[in-house]
Amino acid sequence: MPGVSVNLPGPPLPVNTPSLGKDPNAPSADDVLSGVPGIVGVIESGHLPPTPLAVQLDWNFSVDGVPGTPKPNLSASVISVVPPIAFNDLGTRPLHTMTISVSGSVYVPNPEPAMPNLATYTIDPPLSVDVDFPGIPIPRLLGLFTWPKYGTEPTSGDTDPDDSSLLVMLPADSPLAGLDGVSSALKTVQETAVPIISLLSGPLGATTFAPFVPPAGIVQQLSALIAGVEKMTTRMSVASHGDYKAAMLIPASANLNSPTRGGIDDLNGIWWDKETGGLDHDYYHDHAKSLLWIAPPKANVVIYRDSHFEWDKGDVDQHGRLTMTTGDTCLVGIPEFRPNPADLDPVLSPSIPGLRPANTHLDGYFTNEHPPTSNDDKAWTDSVEFL
């Protein structure tokens, strides 16, 4: 954690008149000739012990121009600062800048009570320092689970594990390749977040300050992120067999609405298992039971009931559109998609003071039931767009 110190020259020290005396039997810190043979006198230094410096400082903080909570009237000249957690799109490496500035005064207190300071130095203009730090690289991943609660809970007593699968969808500009690439990126997120949680979970020093987000809030933020990552990696660790695929990956293609990140305009025909005899298949587009959107803060993905990103606001009973926007936990979790398509998971997307919340916006319906009532309701998610 960065620290800033202020070291200023002190004022002239009070001077006594040097003198020569005879005191061979009284050792003194000022007796610079003590112990020298043939010298019995004491030469005093002419200086009294210095009075310690004191400070009264006002500290101010900002990250990328966004101010934090100031700390005025501190008597500390060296402090430690906990910056906010920053995130970057995977594949980019921008640095974030924390600016720390200090103003106030450095002074020499008068040892005599109720007397003016012996000397005062005012810091004007304020001193400042910039500290650059990287963000945590976050991939953009949309997970569609065919069981509720991210593949951990069967529907209506359906305990066949082959009915649970995960479809991972990537933007067109994603640097990831294959499920192994996804696993590696998510492992990096975990390995970066865990030490920060460990550090901030313990006691902090008296001069350690978190002017942006309280340490407990950062711990909750990163714990939620790790929990979401584990939902996806746990499902991806399940072994496939025969015609059954425990997890699949499909990248988006660029389109007119999103030429960079693109979309998947038709999820029909993408299956994870063959039924007995191989005459029928289990398709993702009509089996979505829970959703998980992992991305840097303020990232949007739109899920459509219809293929080709079709939406008709004049006929909402037959069309549906769900927009999910990540907050500062980098997650939007929908644990029960069919009965509650816009209800956020409070564990993965908690409300934390000082942090941006996740958000969902639902237009129309994904089910034939209006409103939907359970995970048994038929529902369709036929296209996806990354914005």
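At a glance:
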quantity	calculated
Accessible surface ranking that places the most exposed of VAL129, VAL168 first, with a 1.4 angstrom probe	VAL129, VAL168
Between the range 319-353 and the range 183-255, the alpha-carbon center distance in angstrom	16 Å
In degrees, nearest ten, helix 178-201 long axis to first principal axis of the chain (Cα)	40 degrees
GluC sites (Glu not before Pro) restricted to DSSP loop in the range 261-352 with at most 13 other C-beta within 10 Å	GLU275, GLU310
Overall dimensions of the range 172-272 by Cα: Rg and Dmax, Å	19.0, 60
Where the range 53-152 is the region considered: accessible area per residue in Å², 1.4 Å probe	49 Å²
For VAL131, solvent-accessible area (1.4 Å; no DNA, RNA or ligand), Å²	40 Å²
Computed log₁₀ I(q)/I(0) - Debye formula, equal Cα scatterers, no solvent, the chain, q 0.11, 0.15 Å⁻¹	-0.84, -1.25
The chain: angle of helix 215-236 to the longest principal axis, Cα-based, in degrees nearest 10	30 degrees
Surface share of carbon and sulfur [accessible, 1.4 angstrom probe, percent] for the chain	54 percent
GNM top mover of ASP265, ASP376, ASP306 - the chain, alpha-carbon springs below 10 Å	ASP376
Accessible area, probe 1.4 Å, largest first, for residues SER75, SER383	SER75, SER383
Most fluctuating residue given options ARG321, ARG338, ARG93, as computed from a GNM of the chain linking Cα atoms under 10 Å	ARG93
Calculated [θ] (222 nm, deg cm²/dmol) that DSSP helices of n ≥ 4 give over the chain, each run adding -39,500 (n - 2.57)	-4500 deg cm²/dmol
Student exercise, the chain dipole from Lys, Arg, Asp, Glu Cβ charges, in Debye to nearest 20	1280 debye
For the chain, with +1 on Lys and Arg beta carbons and -1 on Asp and Glu, the positive-most of VAL55, ASN255, ILE79 along the dipole	VAL55
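The values are calculated or read from the model by the stated rules, or taken from the named source; none is laboratory data. Note that the structure is a prediction, hence the values are computed from the model and not measured. Heads up, the Cβs are rebuilt from the backbone with ideal geometry, glycines too, and the neighbour counts pull from every protein chain shown. When the accessible area is computed, the model is the full protein with side chains, heavy atoms only, and any ligands, DNA or RNA have been set aside. Shrake-Rupley method; radii C 1.70, N 1.55, O 1.52, S 1.80 Å.
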